[in-house]
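In what follows, a single structure is set out as structure tokens and then discussed.
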Amino acid sequence: MKIRRIVLAFLVSPLVTPVVFIAEAALARGVPLSEQVPGYFLLYGSFAYLATAALGIPAYFLFRALKWSNILLFVLGGAAIGFIFSFFIFEGYPANIFWIRLGDRLWCVLAGALSALAFRMFLFGLNFNHEQRVPMENET
């Protein structure tokens, strides 16, 4: 796998997160987005890059070490990262606030899952049946 493709995946895939929250704002609240789009990219994009640095890079190395390339595993891993990072975005220490903000947390889960899907597509292209081949001994 080329290093350029990996770097591009880490740089571009977190940008899916602000797009998800822009779509959520447009669909759910009908917010006029013309002047708010840069703010969404600044706020949610910074959290997405922090999540990528804190949890996404270690997850990439874990997936690489375990030779996991299944698309479902990438989506589930991204969803888990989105859920974990939702605790940094939305307050929720008391249980009642957690349940009130559950809808917002689910948007974070969706954003993480779609970012991971984009990341996997950058790594392996549109080949959804990609299997990493492990060379046998003495094979070149």
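The values are calculated or read from the model by the stated rules, or taken from the named source; none is laboratory data. Keep in mind that this is a model prediction, so the values were computed, not measured. Note: ideal-geometry Cβ built from the backbone for every residue, glycine included; neighbour counts use all protein chains shown. When the accessible area is computed, the model is the full protein with side chains, heavy atoms only, and any ligands, DNA or RNA have been set aside. Shrake-Rupley method; radii C 1.70, N 1.55, O 1.52, S 1.80 Å.
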TODO: Pick out the one residue from A23, A9, A65 that is free of Cβ contacts under 8 Å to residues at least 12 places away in the same chain and under 14 Å from L114 (Cα atoms).
DONE: A23
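Please go through region 33-69 and pick out each residue that is part of a loop (DSSP other than H, G, I, E, B) and within 20 Å of V7 (Cα to Cα). Spell out the reasoning first.
Narrowing region 33-69 to residues part of a loop (DSSP other than H, G, I, E, B): 33-36, 67-69.
K67, W68, S69 - these are the residues of region 33-69 that are part of a loop (DSSP other than H, G, I, E, B) and within 20 Å of V7 (Cα to Cα).
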Open item on the list: Given the condition without any contact (Cβ under 8 Å) to a residue 12 or more places away in the chain, open to solvent by less than 70 Å² (accessible area, probe 1.4 Å) and assigned to a helix (DSSP H, G or I), answer yes or no: does some residue in region 77-93 qualify?
Closed with: no
Open item on the list: For region 11-32, check the following and say yes or no: at least one residue is surrounded by 12 or more Cβ atoms within 10 Å (Cβ to Cβ) and part of a loop (DSSP other than H, G, I, E, B).
Closed with: yes
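This table checks each residue for (1) at pLDDT below 90; (2) aliphatic (A, V, I, L, M); (3) touching a strand residue (DSSP E or B) at 6+ places or on another chain (Cβ under 9 Å).
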{"site": "R5", "(1), (2), (3)": "no, no, no"}
{"site": "L27", "(1), (2), (3)": "yes, yes, no"}
{"site": "L33", "(1), (2), (3)": "yes, yes, no"}
{"site": "Q36", "(1), (2), (3)": "yes, no, no"}
{"site": "S46", "(1), (2), (3)": "no, no, no"}
{"site": "G78", "(1), (2), (3)": "no, no, no"}
{"site": "F88", "(1), (2), (3)": "yes, no, no"}
Task: Residue count, region 107-137 (criterion: modelled with pLDDT under 70 and of a type in the set (V, I, T)) - done: 1
- [ ] Check off (1) part of a helix (DSSP H, G or I); (2) more than 21 Å from F124 (Cα to Cα); (3) without any contact (Cβ under 8 Å) to a residue 40 or more places away in the chain for L72 and give me the number that stays unchecked.
- [x] (2)
- [ ] Look through A48, A53, A113 and report the one residue that is within 17 Å of V12 (Cβ to Cβ) and in contact with a Ser or Thr (Cβ under 9 Å, 6 or more places away or on another chain).
- [x] A48
